[in-house]
Amino acid sequence: MSTHALSITPGRLFGGRYQVAAQIAVGGMGEVWRATDKRTGAQVALKVLRPELAGQEVLLRRMNAEARNAEGLSHENLAAVLDHGTGDNTAWIVMELVDGKPLTDMLRGGGRLAPAQVAHVLACTARALYVAHQAGIIHRDVKPSNLLITPAGQVKLTDFGISIAANQTPMTQAGQVMGTAQYLAPEQAMGRPATPAGDLYALGVVAYEALAGRRPFTGKSDVDIAFAHVNQEVPRLPADVPSELADLVYELLVKEPSRRPRNAQQVADRLQRIATKLDPQFAGADIVGTPALPPGSEALPTRRSMRDARGGRRAGQPRARLTGYRPQFSSDEEAPTLPTPTDARLGSGPAHAPFGTHLLSGWAPLDRLPQWAGLSILTTISATIVTLTVIALTTLG
């Protein structure tokens, strides 16, 4: 079968109904165009598989899965999916056209939002996630670029491109990781199945970034960043962040998923109370026009009282260090596929390393392994996340 797809140009018709007008954005997997529904005259957003990726069956299936997962969801904080289809070796999704900017635009250059604004934006996002979770859908890619803010302050969660349904067969092999390393929950970085708790962790990362003007974990590569999510304690938020809001962010960023807040609705309720307390007039405010705060200062010393929630080490315990050869894989090399443990149990070791590595006998805390195990752990983490990197280069929209 030919993998050639027609180029996307203004005037082209999709499904005999949707006529593209102007390009809005380009992602790793798709292009988003403003289009007109010729049947109703309505303006819509049309996401189309990029022409150079045409005919790739796994991507066609992923686009269709995105549409199926999202089109049954209805909430004011979700960008509605209206239609989808395939043809000419490509796939397309018709979505609600949102007149707004991604949160990334507001955070660019280390910008910060006022705490009340952060609480409001994240409360709306949490409500949208709860609707998805109740329908059995896990987003798996909550990040600022997938949060659109309208001039009226309405928040829309978008892009279910790598979402997964509870009854859906995964389209990745065992051990492969889907997501964006900067917002990836520790358990997902270690190859465990995605759960709603992973979306809540990502929400915590977004909150931290908006409050501090920087992400909690950084690194020179996706591997380094993912490893930091697993092993490093969360840096303290700036002192001007209200303690009630900071404590909730730390709870969202707990390493162990079962100890994060129970569900997204509970998070939304707490955030809404915080937003109202900080600014009773905030509801409906125009947050796009609000000046960003200056970039945050360097991370402050960690509060002992928050170490447990933030994954810090206990007093007197050595910090786990891994040394040895770090395997490198280029984008055209095949990274090893690692098995995902099906009955893994968490070790009872220190809070800073709850996931360990998957050995023949199960999960072992990092600092209880012999010295020679360091290379094995690092290889396991690197291989898993490199798989993520290769996928991200070709499939993420």
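General observations
- MET29 surrounded by 15 or more Cβ atoms within 10 Å (Cβ to Cβ), farther than 21 Å from GLN154 by Cβ, in contact (Cβ under 8 Å) with a residue 60 or more places away in the chain and not charged (D, E, K, R): yes
- Residue list for region 237-253, restricted to those being part of a loop (DSSP other than H, G, I, E, B) and touching a Gly at 6+ places or on another chain (Cβ under 7 Å): PRO238, LEU253
- Just one of (1) closer than 15 Å to GLY213 by Cβ; (2) part of a loop (DSSP other than H, G, I, E, B) fails for MET106. It is (2).
- Total residues in region 23-54 satisfying the condition of being part of a loop (DSSP other than H, G, I, E, B) and either farther than 23 Å from ALA132 by Cα or among the polar types (S, T, N, Q) (or both): the figure is 8.
- Filtering region 21-62 to residues that are touching a Gly at 6+ places or on another chain (Cβ under 7 Å) and hydrophobic (A, V, I, L, M, F, W, C) leaves MET29, VAL48, LEU49.
- Answer residue from region 55-80, given it is in a helix (DSSP H, G or I) and of a type in the set (S, T, N, Q) and is modelled with the highest pLDDT among those: ASN64
- Members of region 195-236 found to be within 15 Å of LEU107 (Cβ to Cβ) and in a loop (DSSP other than H, G, I, E, B), listed by number: GLY213, ARG214, ARG215, PRO216, THR218
- Residue ID - surrounded by the fewest Cβ atoms within 10 Å (Cβ to Cβ), chosen from residues in region 79-106 that are closer than 29 Å to LEU122 by Cα and of a type in the set (Asp, Glu): ASP99
The values are calculated or read from the model by the stated rules, or taken from the named source; none is laboratory data. Keep in mind that this is a model prediction, so the values were computed, not measured. Quick reminder, even Gly has a Cβ in these numbers, built from the backbone with ideal geometry, and neighbours come from all protein chains shown.
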